[in-house]
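Worksheet: one structure, shown below.
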Amino acid sequence: MLILLAAIISLGLMLFQYYFKAKRTKLNALLGVIRFLTIFAGILLLINPKFSKKEFILEKPNLVLLVDNSKSVPILLGGDEAQSASGQLVQNNRLSNSFKLNSYTFGQRLEVNDSIDFNAETSNIANALQTVNEIYGTTKTAVALITDGNQTLGTDYEFKSLSDNITVFPIVVGDTTAYEDINLGEINLNKYAFLKNKFPIEVNLSYYGDQNISTLLKISSKGRVLFRKTVALGKSSNNATINTLLEATDVGINTLKVELSPLKNEKNTSNNSKLVAIEVIDEKTNVTLVSSINHPDLGMLKKSIEANEQRKVTLTSPSINNQLLDATDIFILYQPNTSFASLYEILEKRGSNSFTITGTQTDWEFLNNIQSSFSKEVFDQTEEILPQLNKGFDLFDLGGFGMENYPPLDSHLGDVLVTLPHEVLITQEIKGVSLDDPLMFLINKKGAQEVVLLGENSWKWRLQAYRNEQSFESFDSFMGKILLFLSEDQQKERLTLTYSTVYQNSSEANIRASYFDELYNFDTNATLFCTIRKADNGFVREIPMLLQNNYYEVDLSDLPAGNYSFTVMSKKDKRSKSGSFLILDYDLEKQFLSANYQKLERLAARTGGQVFYPDNASGMVDFLMKDNRFTPVEKSKENVVSLIDFRILLAFMALSLAAEWFIRKYNGLL
């Protein structure tokens, strides 16, 4: 309608200008047409005519197929059932027409469902559900979970927090029959023990059945029985915890076999025995923690350092007797003040290694005068200082330690001056501003090593590490490496190794190496090889180590259980280091008797789903097709588009005006 009106107005203006007002010539018709087109284009440009187009889209809900790819599924005779149920759902035309189908498998993590081979060493149902929740949680999604319900890794999936849009429909595969069984649960012992000392071991066992039974618990090493005890269990007392002390007699890695005598007609005996290992050592580091005040940091330091059995912490005041001085390997000086004066003199004469921690109660005037390694110009103001880990630190491998979400430490505000060569481990951040001042630094001075932390309340760091990882291990390991720096001869080594002497199973096994050039900068162009040997069968394998950020790593997850020795060598200068480790023969996936359908039923009820079994997979299809929560929704989309491009109109107007002017000029009408 507007376009027609624009044409009438343009025609009227043209007639007025060329037929009523102007003299009539032979060119009036041509010029009138050009003028009409120019005015018409200008009006179109003003009204900008548009047209709309509606598109209708059928939005289908998601159907996510999760198939448990762990070893326990075929062990419980559920392999064929899982394959069959998965095939029925994927090939069902009714589902493909009503749902957007996405298929995955999972073991330790979620993977695209290329093939189902049941080779996963662990099963983490909670991680699979969490990943699906992150991807599909914003839209209506049905999850077909094909599993035996047995999880060997991760948090409890039954209580996993999922979006209201996620509904889980478990399909239980495997034998669901309850069998009489006795099994070994968690076995707790320390990683290290000291020669000729006794170390504790705790064994948890449980019984599934209705009878009163007895079993013989036996602990042995190298064919010698170290402990035996008969344990009575029954329906009402189906769990027992046995504690005992064993003597450490041989230096090195000692393997202990813990076993239970099997029940009559017991179906699964693989969970009746376990191998555990402990490293027996013949040395110990004595740490003396010196403080004149009470503070929560003191208890944290003692717990963190003594998490490694190789270290013992003694808490004392600055007045230390000679016997304790002689027995101490490392001193921790907490918030020094004038009462530390005589101790500083003794440490200076002896060249002892020390770890200084300052805070709001530190006497900085005294500390600046009593030692010359560092100083601080202190203002009468306390400040909260956030830690920032120095990613360029390469004095030793931090092993993946991070400080995400770590809380601030309290300290006096002031500039720090370090007068000796040092390595900054942690820098400061105050009120969102990153500073060059160190918060924690390491000094490698002649005759002694020193570590300095410029803040108190580091107990909060250890607590945050537990919040991040549900374990103190990463923080305690970090503290252990600080203590190791202080306890070792600090002549720099160009090749360093990080590995565990005992791995519970092969999936955990790896070795890390750091290699430095002549200037002790990390060398990213090095070529390192790791040679693995297994003494009992002549096995030898040479594996190249791969660069991973600031370290080299070799993955040993395909090695069978056993004792191994290894050598890491640099191809360039033939520099090498050797070590040994033990991989225990323990397969979590073999510990289950039957499918855990009860747990899957509770998961389904909590998310609004329903449990199905392989022989009724078609029943799940019918259920989903009738469920109004998963009805496809038709949505419309309106696209509004300009009828004519304004750039074309402008160009056309410019051309028509130029043509009119040229014709009028040429014919003397201007």
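When the Cα centres of the range 105-176 and the range 270-308 are compared, how far apart do they sit, in Å?
Here the answer is 38 Å between Cα centres.
Would you order HIS412, HIS295 from fewest to most other beta-carbon atoms within 10 Å of each residue's own beta-carbon?
HIS295, HIS412
Where Lys and Arg each count +1 and Asp and Glu each count -1, what net charge lies around LEU409 among other residues with Cβ under 15 Å from its Cβ?
-3
Name the long-range amide H neighbours of GLY185: under 5 Å, sequence gap of 5 or more, or other chain; modelled H, no Pro or chain starts.
For GLY185, the qualifying residues are ASN204, LEU205, SER206.
In debye, nearest 20, what is the charge dipole magnitude of the range 285-487 about its Cα centre with +1 on Lys and Arg Cβ and -1 on Asp and Glu Cβ, if you could check?
Charge dipole of the range 285-487: 520 debye, to the nearest 20.
Quick one: helix 28-47 against the long Cα principal axis of the chain, what's the angle to the nearest 10°, folded into 0 to 90?
Orientation of helix 28-47: about 30 degrees from the principal axis.
When the helices in the chain are scored as -39500 (n - 2.57) per DSSP H run of 4 or longer and the sum is shared across all residues, what 222 nm value do you end up with, to the nearest 500 deg cm²/dmol?
Details: 15 runs with 169 residues, N = 670.
It comes out at -7500 deg cm²/dmol, rounded to the nearest 500.
Based on the mean of other Cβ atoms within 10 Å per residue, sort peptides 233-244, 154-165 so the most packed one is first.
154-165, 233-244
Quick one: Cα centre-to-centre distance for the range 416-431 and the range 648-670, in angstrom?
76 Å
Using a 10 Å cut-off around each Cβ, can you sort THR255, THR122 from fewest to most neighbouring Cβ atoms?
Numbers: THR255 16, THR122 21.
Going from least to most buried by this count: THR255, THR122.
Any idea how far apart SER342 and ILE293 come out in nm if each label point goes 7 Å out from Cα toward Cβ?
Placing both labels 7 Å along Cα→Cβ, they lie 2.3 nm apart.
For P(r) over Cα pairs in 20 Å bins from 0, in percent, several values are listed as [x] 16, 47, 32, 5, 0; [y] 16, 37, 30, 14, 2, 0; [z] 13, 31, 28, 15, 9, 4, 0; flag the one computed from this structure.
So the structure-derived entry is [z].
Angle check, please: helix 125-136 long axis (alpha carbons) against the longest principal axis of the chain (alpha carbons), in degrees 0 to 90, nearest 10.
20 degrees
By per-residue mean of other Cβ atoms within 10 Å, what is the highest-first order of 329-337, 504-512, 167-175?
By packing density, highest mean first, the sequence is 167-175, 329-337, 504-512.
Which FRET efficiency value, to the nearest 0.05, do you get for SER580 and LEU547 by plugging their Cβ-Cβ distance into 1/(1 + (r/R0)^6) with R0 = 22 Å?
0.35
Using the 10 angstrom Cβ neighbour count as an exposure proxy, how do SER514, SER304, SER474, SER578 rank, fewest first?
So the ranking, lowest neighbour count to highest, is SER578, SER474, SER514, SER304.
Starting from the 7 Å offset along Cα-to-Cβ, what nm value, one decimal, do you get for the label separation of PHE16 and LYS100?
Result for the modelled spin labels: 5.7 nm.
Determine the shape class of the range 449-515: with a ≥ b ≥ c the square roots of the Cα gyration tensor eigenvalues, call it rounded for a/c under 1.5, and otherwise prolate if a/b is greater than b/c, oblate otherwise.
Here the range 449-515 falls in the oblate category.
So what are the ³J(HN,Hα) numbers for the range 317-330, from phi and the Karplus equation (6.51, -1.76, 1.60; θ = phi - 60°), rounded to whole Hz, Gly and Pro as x?
Here the 3J(HN,Hα) series is 7, x, 8, 9, 7, 5, 5, 6, 4, 5, 8, 8, 9, 9 Hz.
For an R0 of 51 angstrom, estimate the FRET efficiency from the Cβ-Cβ distance between PHE366 and THR241 and round to the nearest 0.05.
Given R0 = 51 Å and the Cβ-Cβ separation, E is 0.45.
So if each residue of separation counts as 0.36 nm, and I subtract the Cα-Cα distance between ASP622 and LEU195, what length gain in nm does that give?
147.1 nm
Report, to the nearest 10°, how far helix 341-350 tilts away from the longest principal axis of the Cα atoms in the chain, using its own Cα long axis and a range of 0 to 90°.
For helix 341-350, the angle is close to 80 degrees.
A short reminder: the numbers here are calculations on the coordinates, not readings from a lab. Just so it is clear, the structure is predicted and the values come from calculations on it, not from any experiment. As a convention, Cβ positions derive from the backbone with ideal geometry for all residues, glycine included, and neighbour counts pool all protein chains shown.
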